[in-house]
Each structure stands twice: as C-alpha cells, then as structure tokens.
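The values are calculated or read from the model by the stated rules, or taken from the named source; none is laboratory data. Values in this document were obtained by computation on a predicted structure and should not be read as measured data. Heads up, the Cβs are rebuilt from the backbone with ideal geometry, glycines too, and the neighbour counts pull from every protein chain shown.
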Amino acid sequence: MSFLHFKGKHLDIPIIQGGMGIGVSLGNLAGHVMKEGGMGVISAAQPGYRDPDFKRDPFTANIKALKAEIKKAREIAQGKGLLGVNIMVAAQQYDRYATEIGLLDIDVIISGAGLPLELPNLIKNEDIALAPIVSSGKAAYLLCRRWFQRYLRYPDFIIIEGPLAGGHLGFSWDELKAHSEQTLESIFEDCKKALEDLGQNIPLVVAGGIYTGTDIAAFLKKGAAAVQMATRFIATFECDAHENFKQMFLSAKKEDIDFVISPSGYPGRAIVNEFVTLMRTQRIPPIQCVNCLRPCKPATTPYCITEALINAVSGDVDHGLVFTGTNGYRIEKIVSVHALIDELMNEIKAVMI
Ligand SMILES: Cc1cc2nc3c(=O)[nH]c(=O)nc-3n(C[C@H](O)[C@H](O)[C@H](O)COP(=O)(O)O)c2cc1C
C-alpha cells in the first residue's frame, strides 16, 4: 500500500508526524518516523535555541540548527520516508526563513498559523512540495484560488487542522468558546466541496485529535490521503523534548488541558501547570526578546512565548508552556516510534480489511 502521492513520491504509511515547536520535533523524532515509512517534520520554530549565539543572532543559529537536524533525520531514516519542515506564517522574517529553507534537502514545506499566500513565490526548488495548513473550506478555497491566479500552481497537498489539535489553533476565541458545530469531519467535507468547486483533486490530510488507528482508518475511508498526528509522538523515546516534558503527559488529566492565550494572536491548547496559572493572573515580562512572532508586542505581551516554550522543552516545565492536543491526557506510557506506528498500523489493518 502507498499513501499521499505527490511529485512522484509517496508514503508507505498514511502518517505525517506534525511539526512541534520549539524543539519538540527535531531530527531525531522526524528521522525515526521516516524510517517507518512516514513523513517526519522538523519544526522551524527556533530550532537553534541551544546554540550559544541564539540570543545574539537567532536567524543564523536557527538555519545552522535546521541544517544539522535535517542531516540527522536523513541519516536515521536511511533513505526511507519523507522529510518536511514546518514554518509558521506568523514568524518574524517568514519570507527570509522560507527562502533559506527552500534551499535545503527536504521534500516538503508545511506552513500554517496564518495563510501562506505568498509561499510559492519564495520557494524556487520545484522538487520541494508545498502544503498549507487550513482550518476551513473557505480558507482552502481562497488559498488555492490565490496560488493559481498569482503563481499558476496549486498546493501539492493540504493539511486540514481541526479544533482538537495542539499548539496554536486556526480558530477565533468565539468559535472555540461557543463549542461551534465545526468538527474535523465537517471541515474535511467543506474542504472537499471547495476543491470540487475549483475542479481540483488535491490530496487532503487531516489533523487534530486523531489518536488511534481506528481514527486514521475512518478518515482514509472518507477519502483522506493521510493524517497528521503530533501529541502521540511526544510520548516516544525518540521525541526531541526533555524527559520532564514527556512526563507531563503521563500525569495530565482531562481537566488539566485547556485553551491559553498566546502572543501569536491565535488561541493555543496547553496543559494547565504552574506557568499557565501564573500567566493567567499576572504579566510575565520577557527577559530578552528574540523577535519571534510578528503579532507579538514585547512591551505589553502577557508573557514571552519563546522563553516559555524553551523552558518547557528543556525540562523546566513549571516555568514553561506545554502545548498539547485535546487527547494529551490519554497517554499512558512512553514507547518507541516503531512500537507506536506498529500499533497504529495494526489497528488500521483490522478496520480496513
Ligand atoms: C507540542 C506541540 C507543538 C506544536 N507546534 C506546532 C508548530 O510549531 N507549528 C504548527 O504548525 N503546528 C504545531 N503543532 C500542531 C501539530 O503539528 C499538529 O497539527 C496537531 O497537534 C495535531 O493534533 P494532535 O496533536 O491531536 O495529533 C504543535 C502541536 C503540539 C502538541
């Protein structure tokens, strides 16, 4: 079986490991997912955070780290699977990052947290596939029309992220608070309709709250080309985050997972810990701004998201922000990427046969 065909490439399993910043999905996690025939995705959100020059020159440190992480992933994968880099549209210097990343040895650029309307203009290497993340049929329609009108091309595949995802969410507070009728299923159907209206058959990948092989099989049956999963990959030995970060998931209960405000302007979903409780009652001023997100106003921001995410991924979880998908509390143990993918594929086979 093969899945998600684009540019003469494909996946052996219908799974993309979602990009997780800061530092949660780097070369080790991505490489091990690739080795199983899936797509590994390295997050371009401050991957150079451990570089001694990071604070002085984040751009150079981040590109240097990305090159090293890509090399590591390729070495681990031994020619298997596909490799993506995830870039957030809300990132400062998005154009500069995208242009530079478009020169690296990767198969796909995935881009969300805003609509990547100008992405085709920035990537000159035609072998690199482009995959926007959208959260509505309307956004899928608008983006496809714009890319075709301006650049005579369509996305190679589209990732649809629903309201149960982790990290930043592409929904307004009102949409989330009202427990709107929108589900990943309904947005998937809206996107299918949008592509029908455009007369385009672009592969669709769904993300947000997919937890078991049965969940994956249900979307494959509806016509999805693959799924993107992130939260489950945190609880793997190979995940690039500190052990303390992973342990947060083993102890989290359903009621510990909630929405948080983010300087990105988008709502996020995280585990409510000491940091979140404090940040909800008082402002935590940045120590040293590295100019990470365009919408952030350092003088008034409720907290520094880069500092909070770096604290968390480095193991200082009490002073850090631990992003999670809605299913984070369901994680019971840490396993290898191989064991996780084996379990998911067995569940898929049991339903699909
Ligand atoms: C810890 C964490 C960090 C994330 N960071 C990013 C990111 O930097 N960029 C992005 O586009 N999505 C990010 N996401 C979203 C994931 O890539 C993915 O689409 C989503 O979480 C899928 O839902 P699931 O976690 O329920 O599987 C993040 C998710 C988590 C849990």
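Exactly one residue out of 226, 241, 230, 270 is crowded, with 16+ Cβ neighbours inside 10 Å, hydrophobic (A, V, I, L, M, F, W, C) and away from the ligand (no atom under 11 Å from the Cβ): that is 226.
Residue pairs whose Cβ atoms lie under 7 Å apart, sitting 6 or more positions apart in sequence or on different chains, and linking a residue in the stretch 29-51 that is over 22 Å from residue 315 (Cβ atoms) and in the same structural domain as residue 106 (by TED's automatic domain parsing) to a partner that is within 11 Å of the ligand (Cβ to nearest atom) and assigned to a loop (DSSP other than H, G, I, E, B), are 41/18; 41/19; 41/25. With respect to residue 205, is the statement that it is over 29 Å from residue 342 (Cα atoms), at pLDDT 95 or above and touching a Leu at 6+ places or on another chain (Cβ under 9 Å) true? No, not satisfied.
When you go through 304, 289 one by one, which is the residue that is closer than 19 Å to residue 47 by Cα and surrounded by 19 or more Cβ atoms within 10 Å (Cβ to Cβ)?
Numbers: 289 fails: surrounded by 19 or more Cβ atoms within 10 Å (Cβ to Cβ).
Criteria check complete, one pass: 304.
Scanning the stretch 161-190 for residues that are in contact with a strand residue (DSSP E or B) (Cβ under 7 Å, 6 or more places away or on another chain), more than 10 Å from the ligand (Cβ to nearest atom) and either more than 13 Å from residue 268 (Cα to Cα) or at pLDDT 95 or above (or both) returns 187, 188.
Hey, among the residues in the stretch 18-50 that are within 16 Å of residue 63 (Cβ to Cβ) and away from the ligand (no atom under 12 Å from the Cβ), which one's surrounded by the fewest Cβ atoms within 10 Å (Cβ to Cβ)? Result: 50.
What number of residues in the stretch 247-282 are of a type in the set (D, E, K, R), closer than 29 Å to residue 295 by Cα and either touching a Cys at 6+ places or on another chain (Cβ under 6 Å) or part of a helix (DSSP H, G or I) (or both)? Walk me through it before giving the result.
We begin by selecting, within the stretch 247-282, every residue of a type in the set (D, E, K, R); these are 253-256, 258, 269, 274, 280.
Subsequent filtering for residues that are closer than 29 Å to residue 295 by Cα retains 256, 258, 269, 274, 280.
Keeping just the survivors that are either touching a Cys at 6+ places or on another chain (Cβ under 6 Å) or part of a helix (DSSP H, G or I) (or both) gives 256, 274, 280.
So the count comes out to 3.
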